[in-house]
Amino acid sequence: MSGNHTRDSRRGLSFYLLAAFFGLFVLFLYGPIATILVLSFQGPDGGLTFPMNGVSTHWFRNLFEQQAVGDFGGSFRRSIALGLAVMVLTVVFSLLAGFAFRRRFAGSGALFYLAVASLIVPSILVSLGIGLLFNILGLEPTWYGSALGAHLTWTLPFGLLIVFAIFNRFNPAYEEAARDLGAGPWQTVRHVVLPILLPSLIGVGLFGFTLSYDEFARTLMTAGSFNTLPLEIYGMTTNVTTPVLYALGSLTTLFSFTVIGLFLLGLVGLRRRRLRRAATAG
């Protein structure tokens, strides 16, 4: 039996090849981030490359001082506001579409494919088309107008696909039980459907926020006169020659991981509360 266990536990060549590929993928993904993080702690006289000239937090402090070029605070606030607006709209419209598509209606198939078609259109073309349309209409592109619409063409299809998958697995017996107990349509949605869907809706919101927060191509021609953070960082690469750019990248990366961590903690807390309620009810 031990011989069979030994043979079963042996790793084949394919395992080591896949492990090596995964290791290279992780190195390629997080290696540049780690490099930027390290270089952001350059000394006051340090440059953009190795070797490091001392270690300090000078460039993090410099980031919050008046800069000759760049608008870090304004672009960050615009990206946060835009990401939050996209997050809310993505969740609301995806949920409403999920309810609407639970029953077939005339043209539902064509409408679905039309909604998700923007995923296969190059982002820069979407940005260019929306910017051109605003110019033709005599409207000024803005980060809270045209850029908001451009971001929704990117986040809504993902939200729709996720919500549709959720409703495909949703058991309508819960709704039938609520109606049998005298609940009206809105009570059923509020007290039965939404609590069940809430973890997935949080995921849709987080997905929409992160897609919007770091979106560059669909913002390029639609943001107007005021940059979002990705546009600001891109513009800084051509005129900033100090590690303050790396400090900005480190802080934004930390912010992104913090947002993800908070949402995950929220999901864990929600699951624990549900388990406690179930134990109490039992």
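Considering segment 252-267, the residues that are among the aromatic types (Phe, Trp, Tyr) and at pLDDT 80 or above include one that is least open to solvent (accessible area, probe 1.4 Å), namely Phe255. Once segment 268-282 is narrowed to residues that are open to solvent by 50 Å² or more (accessible area, probe 1.4 Å) and small (Gly, Ala, Ser), the residue that is nearest to Pro199 (Cα to Cα) is Ala278.
Being open to solvent by less than 60 Å² (accessible area, probe 1.4 Å) and modelled with pLDDT of 90 or more narrows it down to one of Val38, Val26, so name that one.
Val26
Just for helices (runs of 4 or more DSSP H) wholly inside segment 84-201: which have at least 3 residues that are open to solvent by 60 Å² or more (accessible area, probe 1.4 Å) and more than 29 Å from Val259 (Cβ to Cβ)?
So the answer is 108-116, 123-136, 173-180, 185-188.
The requirement of being farther than 23 Å from Gly98 by Cα and surrounded by fewer than 14 Cβ atoms within 10 Å (Cβ to Cβ) is satisfied by Thr241. Pairs meeting the criteria (first residue in segment 130-144 and among the small types (Gly, Ala, Ser) and modelled with pLDDT of 90 or more, second residue assigned to a loop (DSSP other than H, G, I, E, B) and surrounded by fewer than 13 Cβ atoms within 10 Å (Cβ to Cβ), beta carbons under 8 Å, at least 6 apart or on different chains) are lacking. Quick check on my filter: what residues within segment 217-231 are open to solvent by less than 40 Å² (accessible area, probe 1.4 Å) and in a helix (DSSP H, G or I)? Across segment 217-231, the qualifying residues are Ala217, Arg218, Thr219, Leu229, Pro230, Leu231.
The values are calculated or read from the model by the stated rules, or taken from the named source; none is laboratory data. The structure presented is a predicted model; accordingly, all values stated were derived computationally and were not measured. Cβ atoms come from the backbone with ideal geometry, glycine included; neighbour counts cover every protein chain shown. Protein only, heavy atoms only, side chains kept; ligands, DNA and RNA dropped before computing areas. Shrake-Rupley method; radii C 1.70, N 1.55, O 1.52, S 1.80 Å.
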